1. Considering only the range 142-149, I want to know if a residue exists there that is among the aliphatic types (A, V, I, L, M) and surrounded by fewer than 15 Cβ atoms within 10 Å (Cβ to Cβ).
2. Can you pull out every residue in the range 30-61 that is of a type outside the set (Ser, Thr, Tyr), more than 16 Å from the ligand (Cβ to nearest atom) and in a helix (DSSP H, G or I)?
3. Within 16 Å of the chain's Cα centre (by Cα), in a helix (DSSP H, G or I) and not aromatic (Phe, Trp, Tyr): is that true of Asn134 in this structure?
4. What are the residue pairs meeting all of these: first residue in the range 23-47, first residue farther than 20 Å from Leu74 by Cβ, second residue of a type in the set (Phe, Trp, Tyr) and away from the ligand (no atom under 14 Å from the Cβ), Cβ atoms under 6 Å, and 6 or more apart or on different chains?
5. Which of the residues that make up the range 69-123 are assigned to a helix (DSSP H, G or I), among the β-branched types (Val, Ile, Thr) and in contact (Cβ under 8 Å) with a residue 24 or more places away in the chain?
6. The conditions are (1) within 16 Å of the ligand (Cβ to nearest atom); (2) hydrophobic (A, V, I, L, M, F, W, C); (3) in a helix (DSSP H, G or I); (4) within 16 Å of the chain's Cα centre (by Cα), and Ala10 fails exactly one of them. Which is it?
7. Just need a number here: residues in the range 90-139 that are under 28 Å from Met1 (Cβ atoms) and away from the ligand (no atom under 13 Å from the Cβ).
Amino acid sequence: MEISKKMQDALNDQIREELYSAYIYLGMAAYCESINLQGFAHWMKVQSQEELEHALKFYEHIHDRGGRVILQALNQPPAEYQGPTDVFAKTLEHEQYITGCIHRLYALAVEEKDYASLGLLQWFVDEQIEEEKNATEILNLLKMAGEKGQALVMLDRQLAQRGD
Ligand code: FEO
């Protein structure tokens, strides 16, 4: 079944959200580099790549369904944060926002009886559980570790291990 115009437009909006997520996280990586937290920067660069993959999943889906991908303008992401805890608090906040976007798309797919999009969106519903969990775990570790000293150095080393 060819994708409806309404669903196509909504998924194009989500491509923008995912690309903007990649942009935000790359900005966070650059901020982390600026305060010498290379492990945090690495984690954020991997996260940014994942968001590009999310955008591509929607891109392929639209094309596979006979639709048209139209890329949209991206806003400038923030450059400054109040430290690593602030970075992860904002990451969690952003992922909660994205979860809301995905849930709205899911509701639209149900309304449109677009069962093909539902399959894709179920993957994203599950992925968002993981995204929020990851951000929450690191945020909690940061709250325990505080923002300086040995614990932060160890956390930086741990985040440097994130695989692609
Ligand atoms: Fe594409 Fe981080 O959600």
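Only the coordinates and a few stated rules stand behind these numbers; no lab work does. Not measured: the values here are computed from a predicted model. Positions of Cβ are generated from backbone atoms using ideal geometry, with glycine treated the same way; all protein chains shown enter the neighbour counts.
1. Step one: list which residues in the range 142-149 are among the aliphatic types (A, V, I, L, M), which gives 142, 144-145.
From what is left, the residues that are surrounded by fewer than 15 Cβ atoms within 10 Å (Cβ to Cβ) are 144.
Looking for residues that are among the aliphatic types (A, V, I, L, M) and surrounded by fewer than 15 Cβ atoms within 10 Å (Cβ to Cβ), one finds at least one in the range 142-149, hence yes.
2. So the first thing to find is which residues in the range 30-61 are of a type outside the set (Ser, Thr, Tyr), and the list is 30, 32-33, 35-47, 49-58, 60-61.
Now narrow it down to the ones that are more than 16 Å from the ligand (Cβ to nearest atom): 30, 32-33, 35-42.
Of everything in the range 30-61, those that are of a type outside the set (Ser, Thr, Tyr), more than 16 Å from the ligand (Cβ to nearest atom) and in a helix (DSSP H, G or I) turn out to be Ala30, Cys32, Glu33, Gln38, Gly39, Phe40, Ala41, His42.
3. Working: within 16 Å of the chain's Cα centre (by Cα): yes; in a helix (DSSP H, G or I): yes; not aromatic (Phe, Trp, Tyr): yes.
Spelling it out, Asn134 is indeed within 16 Å of the chain's Cα centre (by Cα), in a helix (DSSP H, G or I) and not aromatic (Phe, Trp, Tyr).
4. What qualifies is Cys32/Phe40.
5. Step one: filter the range 69-123 for residues assigned to a helix (DSSP H, G or I), giving 84-111, 115-123.
The next check asks that each one be among the β-branched types (Val, Ile, Thr); those that pass are 85, 87, 91, 98-99, 102, 110.
Listed by number, the residues that qualify are Thr85, Val87, Thr91, Ile98, Thr99, Ile102.
6. Going through (1) within 16 Å of the ligand (Cβ to nearest atom); (2) hydrophobic (A, V, I, L, M, F, W, C); (3) in a helix (DSSP H, G or I); (4) within 16 Å of the chain's Cα centre (by Cα) one by one, Ala10 breaks only (4).
7. The qualifying residues number 16.
Conditions (1) exposed (fewer than 12 other Cβ atoms within 10 Å of the Cβ); (2) of a type in the set (D, E, K, R); (3) within 16 Å of Glu132 (Cβ to Cβ), marked per residue:
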{"position": "Leu74", "(1), (2), (3)": "no, no, no"}
{"position": "Ala79", "(1), (2), (3)": "yes, no, no"}
{"position": "Gln82", "(1), (2), (3)": "yes, no, no"}
{"position": "Gln96", "(1), (2), (3)": "no, no, yes"}
{"position": "His103", "(1), (2), (3)": "no, no, yes"}
{"position": "Ala107", "(1), (2), (3)": "yes, no, no"}
